[in-house]
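The values are calculated or read from the model by the stated rules, or taken from the named source; none is laboratory data. Being a predicted model, the structure only gives us computed values, none of them experimental. Every residue, glycine among them, receives a Cβ derived from its backbone with ideal geometry; neighbour counts consider all protein chains shown.
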Amino acid sequence: MPRYYFDVINGEGPMQDDEGVDLPDPDAVRREVAMIVTGLARDEISNEQAVKILVNVRDEADAKVFVGQLQYSGDWQG
């Protein structure tokens, strides 16, 4: 099973994944990225008005194979 590394860039700065995760296929990689960005968003949105989370996925050869991004902004209107 291939190993993938999920490097995160968010409000805390860049965090490189040195451990990785074994996943069976591209759909599993996409689901893992979705879980990462939504989990981080839950924590960050409660504290910030604007949040941007980027996840760069690398394979075992260190090639970028997928990029996931979530951006949120909110502003009171009243």
Query raised in the report: part of a strand (DSSP E or B), of a type in the set (D, E, K, R) and surrounded by 13 or more Cβ atoms within 10 Å (Cβ to Cβ), is that true of residue 7?
Result: yes
Query raised in the report: Being touching a Phe, Trp or Tyr at 6+ places or on another chain (Cβ under 6 Å) and outside any helix (DSSP H, G or I), is that true of even one residue in the stretch 27-41?
Result: no
Query raised in the report: Does residue 55 satisfy the criteria of being β-branched (Val, Ile, Thr), closer than 21 Å to residue 26 by Cβ, touching a residue at least 60 places away in the same chain (Cβ under 8 Å) and not in a loop (DSSP other than H, G, I, E, B)?
Result: no
Requested in this report: Out of the residues in the stretch 36-51 that are within 10 Å of the chain's Cα centre (by Cα) and surrounded by 15 or more Cβ atoms within 10 Å (Cβ to Cβ), state the one that is farthest from residue 74 (Cα to Cα).
Outcome: 36
Query raised in the report: In this structure, does residue 65 turn out to be surrounded by 17 or more Cβ atoms within 10 Å (Cβ to Cβ), out of contact with any helix residue (DSSP H, G or I) (no Cβ under 6 Å at 6 or more places or on another chain), not basic (Lys, Arg) and not in a loop (DSSP other than H, G, I, E, B)?
Result: no
Query raised in the report: Does at least one position in the stretch 20-35 carry a residue that is modelled with pLDDT under 95, surrounded by 16 or more Cβ atoms within 10 Å (Cβ to Cβ) and under 11 Å from the mean Cα position of the chain (by Cα)?
Result: no
